[in-house]
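Values in this text are rule-based calculations from the coordinates and carry no lab data. These numbers come from a predicted model, not from an experiment. Note: ideal-geometry Cβ built from the backbone for every residue, glycine included; neighbour counts use all protein chains shown.
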Amino acid sequence: MKQPTRLNHPPQVDVPADNRALVAPIYQSVKFTFDSVEESQRQSRGERPGFQYSRVSNPTLRQLELTLAELQGREACLVTASGIAAVHLALLALCKQGDHVVFFAEMYQPTRYLVRRLLARYGVRSTMLSIEDTAAVERVLGQTPTRLVVFETPSNPMLKVADLEGLTAAARKHGALTVLDNTFAGFHNFGQFDVDVFVHSLTKYASGHGDVMGGAVIASKAIIDGMRADFVVSGATLDPHAAFLIQRGLKTYSLRYERQCRNALAIARFLAGCEQVARVHYPGLESHPRHALVRQQMHDFGTIVTLELRGDREAARKFSDALQLFSISASLGSTESLVQPGELMRPRDMSDQERAWANVSDATVRLSIGIEDEADLIADLQQALTLT
Ligand SMILES: Cc1ncc(COP(=O)(O)O)c(C=O)c1O
């Protein structure tokens, strides 16, 4: 073999079946080959296992899909290149022209855009409600045949809480599928509820280190199989290296999430006692309007704490600028703590009524709590509050 040929046909290294790598290797290969055309055809027809092309499937992605499906307590999963790609895939694959979707003012803005603007262009109608208003959901589902109820809980950034039992029962009664973006509460929450489809941004708690993007749709095998053809032509495939990083991040998911929740509860309690703070929104505080419900339906209270300062936009700015350990940044779920003042989070795509439901003011500040030392974080908040 001449050099140019060898360079394109490198020697193969076979690993014996009883000599496995403890950490699964990254299959950084777009293409997979079989020894014969017949075997390749059999794989295409689903008559044997295997892989052909990484946009369709890849062993590294497959491992992550199996892990996530089990974590969320469902049969199957498709991983995508970002969280919003997962939302996009779920909504587009599950809706057709003429369908009606119920969604909520408190949702992630790009998801609202997807429902209200993008799906609307393809003839999907929608109704936006407030997440705590289960009676309104019942009413709308009773009046209008509905394909999907798409929701999040706790909501971002005001941490409003959906009644999972009420919402899923109403959807089931009226023949609608439920899609829960469970990025905030995490894989270990809500698997016991009658939710049809979970979506997650893996960019947040799953990867956990703020250095990789990804998303997942998790559901029954029947639902995921029904989405597969649409997924393959969406082009939103996760890169195997990103999948590897997410799989690695997941090793510490439980430890990180637990620590972040513990820090968050301590910080919420501290802030609730500060004179500069008008109100603290945290599902773990007894003052939260749905604290009792949260205790029933969640294993923990989440890692986001939102506060209302006694003051205006200037106070929220000064506070955010003065924090040393909390970086001013969007996103959440990584190991480091972050801060977002209200002026960076105000919804612009809403009517007055919808904005009132979303309820973000200039004096609102969202804290995404990391895994740092609790006392250091509280000391930092204390020094920043004195400047407001
Ligand atoms: C609740 C929720 N869903 C989806 C997304 C989108 O995820 P990604 O940024 O990975 O596309 C985000 C991102 O902030 C989010 O907070």
Normalising by the residue count of the range 29-124, find the relative contact order in percent from Cα pairs under 8 Å and 6+ residues apart.
-> 18 percent
Listed pairs Lys160/Lys251; Lys204/Lys251; Lys160/Lys221; Lys96/Lys221; Lys173/Lys221; Lys160/Lys204 exceeding 26 Å between Cα atoms = Lys160/Lys251; Lys160/Lys221
Out of the range 1-69, which GluC sites (Glu not before Pro) are coil in DSSP terms and have no more than 15 other C-beta atoms within 10 Å?
-> Glu47
For the range 1-158, the Kirkwood Rh over every pair of distinct alpha carbons, in Å, works out to 19.9 Å
Considering only DSSP beta bridges where both residues belong to the chain, give the percentage that are antiparallel (nearest 5).
-> 60 percent
Provide, for q = 0.18 Å⁻¹, the log10 of I(q)/I(0) from a solvent-free Debye sum over equal Cα point scatterers in the range 252-388.
-> -1.03
A correct fewest-to-most ranking of Ser220, Ser57, Ser351 by other Cβ atoms within 10 Å would be Ser351, Ser220, Ser57
C-alpha long axis of helix 164-173 to longest principal axis of the chain, angle in ° = 60 degrees
Where the eigenvalues come from the Cα gyration tensor of the range 188-246, what are the semi-axes √(5λ) of the equivalent ellipsoid, largest first, in whole Å?
-> 21, 18, 7
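Please identify every one of the trypsin sites (Lys or Arg not before Pro) in the range 205-305 that sits in a loop by DSSP and has no more than 11 other beta carbons within 10 Å of its own beta carbon.
Listed in order of number, the matching sites are Lys251.
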If you bin the C-alpha pair distances of the chain every 20 Å from 0, what whole percents do you get?
-> 26, 53, 18, 3
Among Ile378, Ile304, Ile84, residue whose mean-square fluctuation peaks in a GNM of the chain (springs only between Cα atoms under 10 Å) | Ile378
Can you list the trypsin sites (Lys or Arg not before Pro) in the range 303-374 that are in a DSSP coil and have 12 or fewer other beta carbons within 10 angstrom?
-> Arg348
Cα Rg over Rh - the range 74-224, Kirkwood = 0.93
Using the 10 angstrom Cβ neighbour count as an exposure proxy, how do Asp349, Asp18 rank, fewest first?
-> Asp18, Asp349
Taking the alpha-carbon centroid of each part, what is the distance from the range 337-367 to the range 58-122 in angstrom?
-> 24 Å
Exposure proxy order (Cβ contacts within 10 Å, fewest to most) of His88, His209, His200, His100 | His209, His100, His88, His200
Unit charges on C-beta of K, R, D, E only; dipole of the range 296-345, Debye = 80 debye
Cα Rg, Dmax (largest Cα-Cα span) when computed across the range 31-110, Å | 17.1, 55
Got the relative contact order for the chain handy, in percent, Cα pairs under 8 Å and 6 or more residues apart?
-> 16 percent
Answer with one residue from Thr5, Leu323, Leu377: the one whose Cα lies farthest towards the positive end of the charge dipole of the chain, charges on Cβ with Lys, Arg +1 and Asp, Glu -1.
-> Thr5
Taking a straight Cα-to-Cα line shorter than 30 Å from Lys2, and setting aside same-chain lysines fewer than 8 residues away, one finds Lys31
